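Notes follow once the structure below has been shown.
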Amino acid sequence: MNKNKIIVIGGGYGGLRTVEKLAKNPQNEILLLDKNSYHFAQTDVYDLIANENDFAQVTVDLFTFCSGFDGNVTFVKQEAKNVDFKNHKVITSIQRYGYDYLVIAVGARTKFRTDVIGLREYAYGVKALHRAMYFKQKFEMSLFNRVEESGTSCKPISIIVAGGGLSGVEIAAQMASFSKEFYRRNNFICRKLNIVLVNAGEHILNGLDKILVEKSDKRLKTLGVVIKNERKAVEVTKESVKLSSGEVLPMDFMIFAGGIEPNGLVHALDLDKNEMGYIVTNGHLQTQSYSNVFAIGDCTTIYNNDKVVAPTADTAEQMADICYKNINRLANKKPLLSHKIKSRGILIALGRGYAAAKIYGFYFNGYFAYIVKKIVEKVYEKRLEIRSRRGCKKIFCD
């Protein structure tokens, strides 16, 4: 019997989940393509920046991960440049790969707005690991410089976080929490830290439950984070940020978490896209023109009861579960399943030892919510680690 040649583009949450599920069928021959050799657990980025984790704890090696299956999964470190849909070929800068079924799971990247002067030059995004690592180093050096200055001057560290969504809120909270503990634990005399969260909306966490918004807002203010709602950054220089209100804020560095856009490959693909540039899919997660091509995760937009489903890691994994089932059904000429994806819950990290949560309609916050979030993260990490360790043993011990 001929094997099903399946290519998955993208080693993010949705891509890896799809590979895991598809690999259970020995008739599936799976190729995972990614320009990076690692999976980056973006939901843990706040811990990376604040030194709770090192980069090894928020990444999974894709070579060893794919080697951990039973011989029907291969990883190739190449960037997909385009797809020849008519001839079923994925095109990289090196060669062309044929497929029977294709899963596009390339995720999204930080959208550096071109109308904000100096944004790309002087702000940092954290969607990519190298950017998160660079910012982490910058943050640590700023703390060190203030310690070195103690006794002569005490200039505050000024951090601007632009974007009041989930990423911006979690990063602002974690930096504020980490800095307070750092100063307290080490008894340094210079303890000045200014963190300003600039948010375009009426309140932070637009689109989320009112109770979670209120709890998060209260926690940020308790940590000393200044929230400036209904304002945008309009110009960024090396030392300041000008807001739409006319205010000019001093800054040592700025994190931009004010929006995302599809990754570069999506722009090159000859597929139907919505007004924001995301791939349009049907209820089975297939692209509009090609029944054997699926799109999952942050590179597409899905709806439940006419409402956009938030692009989270949980959503991406639910999409992967539907995707793999439909590929198997398509191969076996069975009716496809329609997705009914909705958020199963949300956990918002709000500094060390504190989180706010809503899971299956139940609210809770504080240390218990923090522990639940850590358990969820560790279960995910452990699942991938077991597979990667198995692959590592096969590579080095077989």
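The values are calculated or read from the model by the stated rules, or taken from the named source; none is laboratory data. From a predicted model like this one, the values you see are computed outputs, not experimental measurements. Every residue, glycine among them, receives a Cβ derived from its backbone with ideal geometry; neighbour counts consider all protein chains shown. These area figures cover heavy atoms from the full protein model, side chains too; ligands, DNA and RNA do not enter into them. Shrake-Rupley method; radii C 1.70, N 1.55, O 1.52, S 1.80 Å.
Numerical summary
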read-out	value
Environment charge at MET276 (Cβ cut-off 15 Å; Lys +1, Arg +1, Asp -1, Glu -1)	0
Carbon + sulfur, % of accessible area of region 27-148 - ligands and nucleic acids excluded, 1.4 Å	48 percent
Above-threshold pairs, the threshold being 32 Å between Cα atoms, out of LYS127/LYS378; LYS242/LYS307; LYS86/LYS333; LYS192/LYS215; LYS210/LYS374; LYS77/LYS180	LYS242/LYS307; LYS77/LYS180
Relative contact order (%) - criterion: Cα under 8 Å, at least six apart; region: region 24-126	23 percent
Environment charge of LEU32, counting only residues whose C-beta is closer than 14 Å and scoring Lys/Arg +1, Asp/Glu -1	+1
Tilt relative to the chain, helix 210-222 - C-alpha long axis, 0 to 90 degrees, to 10	40 degrees
Accessible area (Å², 1.4 Å probe, nearest 10) - VAL198	10 Å²
Positive-end residue, region 191-304 charge dipole about Cα centroid, Cβ charges, pick of ASN292, ILE227, LEU208	ILE227
Prolate/oblate/rounded label for region 173-276 (Cα gyration tensor, a/c 1.5)	prolate
Shape of region 78-163, Cα gyration tensor, a/c cut at 1.5	prolate
Of all accessible heavy-atom area on region 239-345, the percent that carbon and sulfur account for (1.4 Å)	47 percent
Within region 54-98, trypsin sites (Lys or Arg not before Pro) in DSSP loop having at most 12 other beta-carbon neighbours inside 10 Å	LYS86
Peptide ranges 105-118, 288-301 listed from the most packed, as the mean C-beta count within 10 angstrom indicates	288-301, 105-118
Charge sum, other residues only, whose C-beta stays under 10 Å from LEU62's C-beta, Lys/Arg counted +1 and Asp/Glu -1	-1
Difference of contour (0.36 nm per residue) and Cα-Cα distance, LYS89 to GLU230	46.1 nm
Cα-centred dipole magnitude for the chain, charges only on beta-carbon of K, R (+1) and D, E (-1), debye, nearest 20	720 debye
Isotropic mean projected area of the C-alpha convex hull, region 249-398 (nm²)	15.0 nm²
Order of exposure, largest accessible area first, which applies to ASP100, ASP321, ASP44 with probe 1.4 Å	ASP100, ASP321, ASP44
Euclidean distance between Cα centres, region 245-306 to region 1-49, Å	19 Å
Charge dipole magnitude, Cβ of K and R +1, D and E -1 - region 207-356, Cα centre, debye nearest 20	600 debye
Over the chain, relative contact order from alpha-carbon pairs under 8 Å, at least 6 apart, %	19 percent
Helix axis angle, 13-22 relative to the chain longest principal axis, alpha carbon, degrees	30 degrees
Degrees, to the nearest 10: 166-186 long Cα axis against longest axis of the chain	50 degrees
Per residue value of the accessible surface for the chain (all protein chains in place, 1.4 Å probe), Å²	48 Å²
Calculated log₁₀ intensity ratio I(q)/I(0) where the Debye formula runs over C-alpha points of region 309-392, q = 0.18 Å⁻¹	-0.91
Nearest-10 value in Å² for the accessible area of HIS88, using the 1.4 Å probe	70 Å²
Qualifying trypsin sites (Lys or Arg not before Pro) in region 233-280, DSSP loop, other Cβ atoms within 10 Å at most 15	LYS238
